[in-house]
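Notes for the one structure printed next.
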Amino acid sequence: MELIETRETSDLYRDHAIALTRFATVLIGPDDAADVVADAVESLLASGRLVNADYPRALLYRAVLTKARSMQRSTIRRRAREQRVAQRLIEHQPDVQPEVLEAVARLSQRQRACIFLMYWEDMTVAQIAERLGLGEGTVKRYLARARERLQEVLDER
Amino acid sequence: MSDELDRTLRKAMATYVAASPEPPELAAPVRRRRFKLSPATAFAAGFVLVLVVGIGMAVFSFGDSPPPIDANEQPPITGNISAVELGIYHVWPEQPRQVAAEELATAFAVEVLGWDDPVVTRLDDNPSSSPAVVRIGMSGKNDVDLVIAPDATGGRVILQVNTPPDLRGGDTDTNISLLEQPGATGAVATVTRLGGEPISVVVDRDELATGTAAITEIDDVAEVGSILVRYTDVSGEVIGAGGGHYATGDEAMHPARCLGSGRTLPGDPAVGYATSDDALAALPGEYGVVGLDFIREERSDTWIAGSSAQPRAVVELYQHDGSSEWFIGSVIVCEVDGQATVSEGNVPEEMTSLPYRVLVDGAKVGDVYVTDVATTDGELASLWSQLGLVGDVPEVDFATSVVLYFGAVESSSCPLDSMQALIYNDGDQRVYPQIPIADGRTDCRLDAISHAVVVAVDRAALPTGGFSLWIDAGDPPACCTNGLTFVAPGELNPPADATYAPLDAEGRLAIGETRVAYRAYTHCGVEWLPVRVNGQAWKAIDLDKADATGVDPVPRAWGVANDPLDLELTLVDDATIEATVPGSGVTVTYVPATDPPGCA
């Protein structure tokens with residue numbers, strides 16, 4: 001039986017809590033973001049994988065993405081939630097075109113994760129791939145498809 | 001991509017960030033234990049457990065700690081699960097078995113799941129030569145749905161077990177998604193590898209809760225052949241399962257690929273195309289793929305000719321790393337009934353899009369692998385009833401139109417979208433609806449759900465030569481050729497003799513005028529005129545029943561009872577109609593009547 005050092009994991013979470021919550025907000029919306037982060041990190045801590053991980057930050061992001069995906073399994077509930085989220089976001093930032101936010105909300109969570117990391121955290125494709133545990137080609141495909149759809153929205157304006 | 005798009009996306013992300021809540025305070029810590037099986041040991045010794053990750057109990061400083069958890073609350077799996085040898089290009093058994101689908105499902109339940117009293121139910125009505133969907137149920141267990149397919153040897157194998165796990169490559173491992181299985185406290189995941197030893201991993205409750213399990217022994221997802229996850233309860237009994245196969249190649253029998261005789265034409269990775277349309281346009285010249293009508297699966301990079309249940313060819317496209325160009329990944333061509341769909345240098349067959357009006361387009365209506373024609377109000381009413389449709393039968397002017405019915409097939413996991421076109425292929429003289437798959441999934445289950453399409457088509461637009469009606473561009477499966485409807489040359493076209501004007505839908509006829517009631521409905525005989533003329537029914541006064549066929553008589557010279565007739569009607573005066581079939585030499589006289597009795 002192994003007793004896991006708590007201080008490191010505690011600090012690790014505190015260092016990334018805000019970024020993880022923002023990441024979860026993009027994935028699942030502000031209503032459920034905190035729950036997703038809490039569930040994901042607690043599961044990760046309980047598993048003991050975080051302590052021995054070579055890339056603990058990446059592990060945290062992947063856990064949040066996995067939890068968010070798990071949470072959105074009910075398509076109908078997800079769509080309703082995303083519509084509410086898009087509406088709330090529209091109320092927050094009227095200078096962003098509503099149809100853009102709606103289009104972002106309709107992207108898959110992985111596409112949104114890639115968009116967030118590229119456009120908010122300014123990460124490269126390689127860094128996103130490493131962070132999310134995906135192949136670089138896969139990340140490029142997600143980004144290309146997401147941008148293609150959003151470009152269509154812009155073109156229609 | 002445009003700068004405007006980049007700026008817009010940055011703004012959108014800033015919007016999300018602005019709406020982001022405060023980070024949560026974490027709750028109390030929990031413990032986890034992880035057991036892993038060495039594959040060699042597991043298979044040699046019947047899943048004797050080898051503990052590769054320590055049993056840990058951790059206490060963290062986030063929030064208050066809960067009381068310690070009893071170390072025996074989650075007892076380890078003790079060997080109740082027997083070893084099982086999976087296939088690489090399918091899930092189970094390793095070698096196909098020459099048994100019926102239900103029998104194979106029962107064997108799976110007993111030998112793999114350890115269930116002693118399974119109830120096996122067939123969920124589809126596919127013919128024996130097609131893939132089948134079978135459900136295994138047992139008291140106290142979760143239902144397990146299997147997709148079972150025949151292989152080239154005539155045996156059967158299991159392709160899917162419930163929803164196949166998602167597969168994702170990590171930095172140094174492979175992650176598989178886990179199903180939500182009520183009552184499960186753990187699982188055993190068995191993974192076959194291409195060219196390697198199988199792996200078995202025990203998943204504990206905590207990992208189960210995350211929905212993902214890591215297979216650390218496999219660092220490249222391309223190595224994975226098949227996966228079977230058996231979910232266990234607190235006593236170690238198997239209570240559910242999920243699995244699928246991931247290997248591709250000639251031996252693979254993916255539901256969205258060819259079954260049996262499909263073969264792969266490797267693409268040339270050095271050849272790139274600016275758009276996917278360009279890639280498809282290159283198929284005849286580069287690959288010799290001709291005469292196939294490819295439909296893109298929405299939101300996917302897969303194009304299918306035929307249907308997902310009966311694909312004739314599948315083209316995979318993927319975006320090349322580092323550029324916006326599309327490349328052909330692989331072309332898998334299915335040869336049906338020995339008819340090669342690939343022939344070097346052939347000119348693609350001519351396709352014509354026919355005008356049509358949709359009367360019905362929906363799932364779970366009617367039968368599958370069947371087509372039919374309605375040429376009269378009566379036949380349409382009969383079809384309406386046969387399809388179980390409620391509401392008024394739509395009005396169709398059968399003088400100028402006919403109704404075509406296509407009993408198409410869709411998968412429960414990949415429903416069909418609305419009909420997009422009615423195609424006539426001059427190459428094989430076949431008329432069929434073009435209906436794309438609504439969802440972008442390619443891992444379609446092979447159950448057959450009916451999807452009825454009923455359209456009205458202008459008679460003049462139909463091919464003048466003989467043709468057949470089929471549900472899609474592909475050849476019918478061997479089971480279902482009876483579903484093809486053959487139309488003789490000119491059978492549905494307007495008559496060549498223009499002096500015979502067709503009777504319109506309202507049955508208007510002037511005194512002294514002659515019109516033709518096309519393909520009049522004779523199921524009820526002709527004692528009562530099969531069509532209403534000038535708003536009323538008419539009854540024969542000189543029908544020679546002794547020289548007639550059928551319980552509900554039809555003059556022998558006119559044809560056989562129940563066959564549709566082209567009746568030439570002449571209104572002699574306002575109370576007399578003379579009816580004949582041209583060339584028969586028999587004329588029957590009708591007078592106005594009320595309350596036609598109908599027939600069974």
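The values are calculated or read from the model by the stated rules, or taken from the named source; none is laboratory data. Note that this is a predicted model, so its numbers are computed, not measured. Here the Cβ positions follow ideal geometry from the backbone for every residue, glycine too, while neighbour counts run over all protein chains shown. Keep in mind that these areas ignore ligands, DNA and RNA; they rest on the heavy atoms of the full protein, side chains included. Shrake-Rupley method; radii C 1.70, N 1.55, O 1.52, S 1.80 Å.
For every residue, the table says whether it meets (1) modelled with pLDDT under 80; (2) hydrophobic (A, V, I, L, M, F, W, C); (3) touching a strand residue (DSSP E or B) at 6+ places or on another chain (Cβ under 6 Å); (4) surrounded by 18 or more Cβ atoms within 10 Å (Cβ to Cβ).
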residue: A:Asp54; (1), (2), (3), (4): yes, no, no, no
residue: A:Arg57; (1), (2), (3), (4): no, no, no, no
residue: A:Gln83; (1), (2), (3), (4): yes, no, no, no
residue: A:Leu89; (1), (2), (3), (4): yes, yes, no, yes
residue: A:Ala103; (1), (2), (3), (4): no, yes, no, yes
residue: A:Arg106; (1), (2), (3), (4): yes, no, no, no
residue: A:Arg141; (1), (2), (3), (4): yes, no, yes, yes
Pick out, from the range B:160-222, the strands (runs of 3 or more DSSP E) lying fully within it that include 1 or more residues that are within 23 Å of B:Ile148 (Cβ to Cβ) and within 14 Å of chain A (Cβ to nearest Cβ).
B:167-169, B:174-177
Looking at the range B:412-434, can you tell me whether even one residue there is in contact with a His (Cβ under 6 Å, 6 or more places away or on another chain), open to solvent by 20 Å² or more (accessible area, probe 1.4 Å) and modelled with pLDDT of 75 or more?
yes
Exactly one of B:Pro582, B:Pro597 is at pLDDT below 85 and under 28 Å from B:Ser401 (Cβ atoms), and that residue is B:Pro582
Looking at the range B:529-539, which of its residues are open to solvent by less than 40 Å² (accessible area, probe 1.4 Å) and in a loop (DSSP other than H, G, I, E, B)?
B:Leu529, B:Pro530, B:Val531
Result of the Cβ filter at 6 Å on the range A:113-142, keeping first residues that are more than 18 Å from A:Arg22 (Cα to Cα) and within 9 Å of chain B (Cβ to nearest Cβ) and partners that are of a type in the set (D, E, K, R) and buried (at least 23 other Cβ atoms within 10 Å of the Cβ), at least 6 apart or interchain, is A:Gly133/A:Arg62
Provide a single number: the residues in the range B:540-582 that are in contact (Cβ under 8 Å) with a residue 40 or more places away in the chain and assigned to a strand (DSSP E or B).
12
Of these, B:Ala381, B:Ala408, which one is modelled with pLDDT of 85 or more, more than 27 Å from the chain's Cα centre (by Cα) and not in a loop (DSSP other than H, G, I, E, B)?
B:Ala381
